[in-house]
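Worksheet: the structure to be examined is printed underneath.
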Amino acid sequence: MIGQQISHYKMEREIIMSRRRAGTTVGSFLQLLTAALFLVGCGGPQGDSRPELPLGAYFEMLGRIDLEENDEVLTVFPMVSLTPGGQWLVTDLRESQVRLYSERGKLLQFFGGRGEGPGELNLPLRSVQLANGSIIVPEVTGRVHHFSVDGSHQQSWDRVLPWIVDTHPYSDSTFLLLGPALRAKGAYPLIHEVDSAGKIVTSFFPHPIPMGTYGNVLNAVSELVTVTDMGQKLLVGFGPLPNLYVLDRHGDVERVVEYELPGFRPISALEGRQLTNANIMSATLEFSRIHDVIYLGDGRALIQYVDLLDLQTWEKRYSLAHVDLAGNVLFELRDSPKIMAATGEAGSVWFSDPAQLVD
């Protein structure tokens, strides 16, 4: 049985007429319960006064693959990463399952399953494979699991963080966990290097603005922080601000790059207001936040930001900006597909199908 479809796109280095081909939209979310992924390359048109054009004006489709499904594997809420060997590692939050696919989409193995026992998962997030073969599976709850390359459960670490936003490989045997580490005083860090024993080696990037400034609304934001590796440096986005932060490998902020994104809705200060939980959730509909950052090389990056549209269905609108690290916006695309995975400087970024923007 063939499930998830993935299409390969290449980003154009100069503005061209739209070359989006017929048939690039594959099904719908309600019909397939899957996200059709587009693979794109990492170049981009130059200039900061261009009109907004369709996706096909910036990306050229190069091909497709299919991710295999069977009676035990159904793609519902996928989060995707690429292994060091170029395979697909797909975590499905709703199915509480991790799947490993070949480069061509053949299902190689799957593991997990909903539960609290050894090897079982509860609200798993995007998984990553380290250079040593270890597969790291974090949970929203702060729990982290270590599996071997064949899917065998090795160990689990409880409450590494109070709650986790995302994870990224960092070195051969360490990885980054994103999420708050509460401290008694001062701003708490949002990025943490964790070793193979599940211990935090170092924590850095304290939140740039006081979390209470907005009436505790930021504590309800899942897109709180995102990071991408630039090799010798890290590039970080803090959800509610249209900025990028360049960090050295010690976690120190070297500079802040500010952007004027016309479609990015700023958050309003809510100091002094007593907000109920319902007020807090409603306030999350009123501002944009950075969802993902992809470093493309040559001082350029993609910023994907998101607006939450409906609290009941959790419908979201994604937008995409191509920027440089001098603060210029090269293009901005509203209602874009959602970034699913990326190889950054190696040349590829994967997007969801534009018709399937409801998670």
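The values are calculated or read from the model by the stated rules, or taken from the named source; none is laboratory data. All values reported here derive from a predicted model rather than from experimental measurement. Positions of Cβ are generated from backbone atoms using ideal geometry, with glycine treated the same way; all protein chains shown enter the neighbour counts.
Results, tabulated for the structure shown:
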quantity	calculated
Any hit, region 219-242, residues being among the charged types (D, E, K, R), touching a residue at least 24 places away in the same chain (Cβ under 8 Å) and exposed (fewer than 15 other Cβ atoms within 10 Å of the Cβ)	no
Residue in region 130-151 that is surrounded by the most Cβ atoms within 10 Å (Cβ to Cβ), counting only those that are more than 16 Å from THR91 (Cβ to Cβ) and without any contact (Cβ under 8 Å) to a residue 24 or more places away in the chain	GLY133
Filter result for LEU100 (hydrophobic (A, V, I, L, M, F, W, C) and either in contact with a His (Cβ under 6 Å, 6 or more places away or on another chain) or free of Cβ contacts under 8 Å to residues at least 40 places away in the same chain (or both))	no
Unmet requirement for GLY251, which otherwise passes all of (1) at pLDDT 95 or above; (2) on the phi > 0 side of the Ramachandran plot	(1)
Single residue of ARG64, ARG99, ARG104, ARG50 found to be modelled with pLDDT of 90 or more and not hydroxyl-bearing (Ser, Thr, Tyr)	ARG99
Hits in region 63-85 (condition: part of a loop (DSSP other than H, G, I, E, B), more than 18 Å from the chain's Cα centre (by Cα) and farther than 18 Å from SER152 by Cα)	GLU69, ASP71, LEU74, GLY85
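Conditions (1) assigned to a loop (DSSP other than H, G, I, E, B); (2) of a type in the set (A, V, I, L, M, F, W, C), marked per residue:
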| position | (1), (2) |
| --- | --- |
| GLU116 | yes, no |
| ARG126 | yes, no |
| ALA131 | yes, yes |
| ILE136 | no, yes |
| GLY142 | yes, no |
| HIS146 | no, no |
| SER156 | no, no |
| ARG159 | yes, no |
| PRO162 | yes, no |
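Yes or no, residue by residue, for (1) part of a strand (DSSP E or B); (2) at pLDDT below 85; (3) crowded, with 22+ Cβ neighbours inside 10 Å:
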residue: LEU302; (1), (2), (3): yes, no, yes
residue: ASP307; (1), (2), (3): yes, no, no
residue: SER319; (1), (2), (3): yes, no, no
residue: HIS322; (1), (2), (3): yes, no, yes
residue: ASP353; (1), (2), (3): no, yes, yes
residue: GLN356; (1), (2), (3): no, yes, yes
